[in-house]
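Below is one structure, written out as structure tokens; the observations come after it.
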Amino acid sequence: MSSRRPYIAVAFVLAAFILTGTAAKCAASEITTKFIEAFDANDHDTMIAIVETNKAKVPAEVSSIIEEAQKAQSQDEKESHFYMAEMMAKIYMDSTGDTAPLLEVKRKSFDAKLTASERPAPVDGVYIIELPKAAADTKNVFRPNSIVIKKGSTVRWVNKDTVAHVFASMPVIGKGGISAPMLQPGESWEYKFDKPGEYFYICFIHHAMIGKITVEE
């Protein structure tokens, strides 16, 4: 089986996006069109050349693709846009050393997988995040998975699941600091957030199990 086969859907969805005329409205749309055509032809050299020829425009183009991903109605379409934005941003990073566009893609792609941020009420001065027992519509999740708190607040993760979880923050795209031990069923762990910023974190056992803590001043 061709190694390109898993990515055909990506090019197809993005090509449809361009043909609708949505991308044609932006000044950099020609870059995306040519980039996708090269991707579909498995022509990596041309993809690199397109990015290197348009270095000054690529960051804005990546942001534009991200915006379309955020507007996408289906998860497949959303992921396809993010994938293409990441491809372009990676080539741009390799060419210029500028990591900003790629980190933007990573952060926004992560955010797109979360539910809307909540401002929960603390319980006895501590914010609670549960790791619930698997159910028909819930498995390997943090609940809530995105919260906003004030600097100096403490968050406690409580494992109510029947399996163990171990999670930590992703300092490449956000703040570091979260580094939980292996939490067995019934155990809990807490962390005090003394620095403002965005803390993206993930379970190392169940990689689709992600969360975010936004800490405000």
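Scanning for something over 25 Å from LYS151 (Cα atoms), without any contact (Cβ under 8 Å) to a residue 60 or more places away in the chain and touching a strand residue (DSSP E or B) at 6+ places or on another chain (Cβ under 9 Å), does region 189-203 turn up at least one residue?
Looking for residues that are over 25 Å from LYS151 (Cα atoms), without any contact (Cβ under 8 Å) to a residue 60 or more places away in the chain and touching a strand residue (DSSP E or B) at 6+ places or on another chain (Cβ under 9 Å), one finds none in region 189-203, hence no.
Do we find a residue being in contact with a Cys (Cβ under 9 Å, 6 or more places away or on another chain) and assigned by TED's automatic domain parsing to the domain that holds THR32 anywhere in region 62-79?
Checked against the condition, which is being in contact with a Cys (Cβ under 9 Å, 6 or more places away or on another chain) and assigned by TED's automatic domain parsing to the domain that holds THR32, region 62-79 yields at least one hit.
If you take the residues in region 68-114 that are hydroxyl-bearing (Ser, Thr, Tyr) and surrounded by 15 or more Cβ atoms within 10 Å (Cβ to Cβ), which one is modelled with the lowest pLDDT?
Among residues in region 68-114 that are hydroxyl-bearing (Ser, Thr, Tyr) and surrounded by 15 or more Cβ atoms within 10 Å (Cβ to Cβ), the one modelled with the lowest pLDDT is SER80.
Only strands (runs of 3 or more DSSP E) wholly contained in region 124-193 count here; list those with 2 or more residues that are among the small types (Gly, Ala, Ser) and within 26 Å of ARG107 (Cβ to Cβ).
By residue number, 167-169.
Can you find even one residue in region 29-39 that is at pLDDT 95 or above, under 26 Å from LYS113 (Cβ atoms) and of a type in the set (Val, Ile, Thr)?
No; the residues of region 29-39 include none that is at pLDDT 95 or above, under 26 Å from LYS113 (Cβ atoms) and of a type in the set (Val, Ile, Thr).
Give me a count of the residues in region 156-173 that are more than 22 Å from the chain's Cα centre (by Cα) and not hydroxyl-bearing (Ser, Thr, Tyr).
Total meeting the criteria: 7.
In region 80-105, what residues are under 15 Å from the mean Cα position of the chain (by Cα) and either hydrophobic (A, V, I, L, M, F, W, C) or not assigned by TED's automatic domain parsing to the domain that holds LYS34 (or both)?
Once the filter is applied, which keeps residues that are under 15 Å from the mean Cα position of the chain (by Cα) and either hydrophobic (A, V, I, L, M, F, W, C) or not assigned by TED's automatic domain parsing to the domain that holds LYS34 (or both), region 80-105 yields PHE82, MET84, ALA85, MET87, ALA89, ALA100, LEU102, LEU103, VAL105.
Against the condition in a loop (DSSP other than H, G, I, E, B), closer than 30 Å to ALA89 by Cβ and of a type outside the set (D, E, K, R), how does ALA121 come out, does it pass?
no
Would you confirm whether or not region 130-140 contains a residue that is buried (at least 18 other Cβ atoms within 10 Å of the Cβ), in contact (Cβ under 8 Å) with a residue 12 or more places away in the chain, assigned by TED's automatic domain parsing to the domain that holds PHE167 and over 17 Å from the mean Cα position of the chain (by Cα)?
Looking through region 130-140, at least one residue is buried (at least 18 other Cβ atoms within 10 Å of the Cβ), in contact (Cβ under 8 Å) with a residue 12 or more places away in the chain, assigned by TED's automatic domain parsing to the domain that holds PHE167 and over 17 Å from the mean Cα position of the chain (by Cα).
Restricting attention to region 192-199, does a residue exist that is at pLDDT 95 or above, of a type in the set (Gly, Ala, Ser), under 19 Å from ARG143 (Cβ atoms) and surrounded by 13 or more Cβ atoms within 10 Å (Cβ to Cβ)?
No, the conditions are met nowhere in region 192-199.
The values are calculated or read from the model by the stated rules, or taken from the named source; none is laboratory data. Every value quoted in this text rests on a predicted model; they were computed, and no experiment measured them. Virtual Cβ from ideal backbone geometry, glycine too; neighbours counted across all protein chains shown.
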